[in-house]
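What follows is a short report on a single structure.
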Amino acid sequence: RHLDQISGKNSGCSCSILIFISMKTKWVLPLIFAIQTAAGPVRNLVSGGGWKIVKGKRKCSITIEHGVENPCAVSPHYPGRTPAETSCEIDLGKKTNWVSLHGRSEQWFDYLTISGKRYSGIMSGGVKTTGNIKWTSDFWMETSTGWKICKSKKPALRILESAKAKHMRLLKAAKARALRRSKARAVRLRRKRILAAKKKKWAAARRAARIRAAKRAAAARKRARAAARRALALRRAWLARRVTQKIFIGDSRANTKCINPNIKGLHCNKDSGNRGIRINHDHRKAGDKFKVYMKKTLVCAQRIDSRHGWGMRLRIKCTKPNIKLTEPYESVKVRIGSSRRRHNERCVKVDYDNIRCKVNAGDKGKRTNHDWRHANDRFHVRFHKRWVCARRLDSKGGWGMNLQIRCKRPKMRNHRLYIGPSGGNRKCSDSGRYRIMCKVDAGNRYKRKNRDHWNAGDRFRITTSGGRVCARRLDSRGGWGMRLEINCKSPRRLIPARRAGRPPRYWHHVYIGESRRRSNTRCVRDKYYGVKCASDAGNRGRRVNRDWWNANDRFHISKSGHHRICAKRLDSRGGWGMRLKLLCTRPRMKWIHPWIGKSHGRTKCVRVSGRRKELYCRSDAGNKYIRINGDHRHANDRFHIYLPNSNKVCARRDDAHHGWGMHLRIKCQSLY
């Protein structure tokens, strides 16, 4: 190996090495004399391998890169583009009889003449040569590759077959082609038949799917109609529920007496005042007979066994709807304005009864005035009947803005009330409307609604009391002849209060994960209360985990207690490997932190402020690492948390019979 490195075997030069080895010593002393002979060129030659450039020596060239015995002639700049208007002549010598052509030239314009025959375009194959080879090119559009001619051997002889053998070969090939065509045609026909059958099957499947979808839609519409009918029946039944209402009529000197209990939907039987039916304790066995009837909101009792009155304190039993009626309200703007300099409060009177305003209606972002709307002034708003007052909280002084707030007033209906002419200075009329309201000047010119004497200068003062409206003439002590008609307002009729619906629920992901190898069931504990999952929430198409989401594993999802959710595999007795995740729902909860504090006794209960539907706390919420108070977090005190009702939380110490010193605080959930 060392000799090879010294001799430069891989250096591309030939060297002769003379080595003298001393036999008496262990080292070698080489004495090297190297004579390097440079290798000769193999391309761009004028002659070589018996070939010679006769004409155009600087244009065409000879290469012997394949050996001296296999010379080649190439075009100028080969393998690049050949130049225009060039010509050369190559002498092949006496030993070359066959050449092989490679490359290309411009078709019909650049020619390579071999044995008197001209070649152009794509050149390939072997050609027999006699004499020299000539090359000529024109002045336009030369090719980008050029040509190459190399010395080759005489091609092998081919044995020609007879006419009969050729005919049989061609006949056999024709039969093979016909057989292949027939097989291909049969394959195409078979595929076409299969595709037609599949299309027919697909069309039938689509038709069946459309029919199933139509049936499902019809069933859904039927269920929706049935649900609507049930809801309507339930609402009617809810509206038709009635409770007993006791009505006190009392005694009367006249034969008929009416009272107004102001109860909507009140109903009394005709014989409810007779003996054995009335409920008053005095004269219970008296034979007095009464006819009880309703007249709008009035309850009237008429004695029918006599023309006189009665002395008993008549009390009867009627029925009324068992629904809570609320008064409809509409939004209205109330202008309070600016206060005086030293006054911290300002009150205004409005034209509406029973107005309602929010306490913070005057704060930033809630008041409706445009001036100083971004000021940080805070107000406390209170109301009583027709008065609305605003008091500034952030300062003891007044304010300069034109304060305007948004409140609510009962919805009103317009009514035309006919009072008519009067011979006296004052006349009253019963409107039949509860809490009717009329403007004081509603009977003056241009404001009253009657068409006769509408332009007269008569002035009236209109007053109301309950459902009674009175008009008094102001410009004269006498009466009036016009048929006075004015415009008044009364509250809209009461509407049933909105029934409390189901509390809203939120989507919630429950991660169960993979089970053990031999376990068929896995349970997990969720931090939320009231979580609900469908029984098939773990099946394909329902679960939400991304791994093995298309697997056919079937599960039964169940719930144990408030927190534990279990999944059991149904299609196998073994476990599963997917990271099972379910899509469930949970109620709208809010985390609260009840403060229980320290106690001298073993048990302590505290009240949780606020309104809620239900309260949930873990029974071990007061134990170590679960409670959230900062002091004594690592103490080993154990507590049992229980809830007597939705507004009370109790803690009982389990590890001792006395109290505790920490400021106990736990974490619970409130359902609204």
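Taking residues in region 248-270 that are over 15 Å from Met312 (Cα atoms), and partners anywhere that are open to solvent by 80 Å² or more (accessible area, probe 1.4 Å) and among the hydroxyl-bearing types (Ser, Thr, Tyr), the pairs with Cβ atoms closer than 8 Å and at least 6 places apart or on different chains are Asn262/Tyr434.
One residue stands out in region 414-424 among those that are open to solvent by less than 80 Å² (accessible area, probe 1.4 Å) and not in a loop (DSSP other than H, G, I, E, B): the one that is farthest from Gly479 (Cα to Cα), namely His415. Among the strands (runs of 3 or more DSSP E) confined to region 587-672, the ones with at least 2 residues that are at pLDDT below 90 and in contact with a Lys or Arg (Cβ under 7 Å, 6 or more places away or on another chain) are located at 668-671. Just name the residue that is surrounded by the fewest Cβ atoms within 10 Å (Cβ to Cβ) out of those in region 72-91 that are modelled with pLDDT under 90 and out of contact with any Pro (no Cβ under 9 Å at 6 or more places or on another chain). Of everything passing the filter in region 72-91, Glu85 is surrounded by the fewest Cβ atoms within 10 Å (Cβ to Cβ). Of the strands (runs of 3 or more DSSP E) entirely within region 470-579, those holding at least 2 residues that are exposed (fewer than 14 other Cβ atoms within 10 Å of the Cβ) occupy 505-513.
Kindly indicate the residue of region 245-281 that is among the charged types (D, E, K, R) and either at pLDDT below 90 or closer than 25 Å to Arg435 by Cα (or both) and also most open to solvent (accessible area, probe 1.4 Å) among those meeting that condition.
The selected residue is Lys246.
Cβ-Cβ contacts under 6 Å between residues 6 or more apart (or on different chains), taken from a first residue in region 317-346 that is without any contact (Cβ under 8 Å) to a residue 12 or more places away in the chain to a second residue that is assigned to a strand (DSSP E or B) and open to solvent by 70 Å² or more (accessible area, probe 1.4 Å), are absent.
Looking only at residues of region 333-357 that are surrounded by 15 or more Cβ atoms within 10 Å (Cβ to Cβ) and aliphatic (A, V, I, L, M), we find that the one that is farthest from Leu403 (Cα to Cα) is Ile355. Filtering region 299-322 for residues that are more than 30 Å from Gly432 (Cβ to Cβ) and at pLDDT below 90 leaves an empty set. Scanning region 425-453 for residues that are surrounded by 14 or more Cβ atoms within 10 Å (Cβ to Cβ), under 11 Å from Cys470 (Cα atoms) and charged (D, E, K, R) yields a single hit, Lys427. State all residues of region 649-662 that are out of contact with any His (no Cβ under 7 Å at 6 or more places or on another chain) and open to solvent by less than 80 Å² (accessible area, probe 1.4 Å); if no residue qualifies, say none. Passing the criteria: Val649, Cys650, Ala651, Arg653, Asp655, Ala656, Trp660, Gly661. Checked against (1) more than 30 Å from Arg588 (Cα to Cα); (2) over 32 Å from the mean Cα position of the chain (by Cα), Ser515 meets all criteria but (2). Within region 133-144, the residues that satisfy the criterion of being buried (at least 17 other Cβ atoms within 10 Å of the Cβ) and in a loop (DSSP other than H, G, I, E, B) are Ser137, Glu142, Thr143. Lys366 fulfils the conditions (1) in contact with a Leu (Cβ under 6 Å, 6 or more places away or on another chain); (2) open to solvent by 50 Å² or more (accessible area, probe 1.4 Å) except for a single criterion, (1). Do we find that Gly601 is in contact with a His (Cβ under 9 Å, 6 or more places away or on another chain), open to solvent by 20 Å² or more (accessible area, probe 1.4 Å) and among the small types (Gly, Ala, Ser) in this structure? Yes.
The values are calculated or read from the model by the stated rules, or taken from the named source; none is laboratory data. Keep in mind that what you see is a predicted model, and the values were worked out from it rather than measured. Note that we place each Cβ from the backbone using ideal geometry, even for glycine, and neighbour counts take in every protein chain shown. Ligands, DNA and RNA are excluded from the accessible area calculation, which covers all protein heavy atoms including side chains. Shrake-Rupley method; radii C 1.70, N 1.55, O 1.52, S 1.80 Å.
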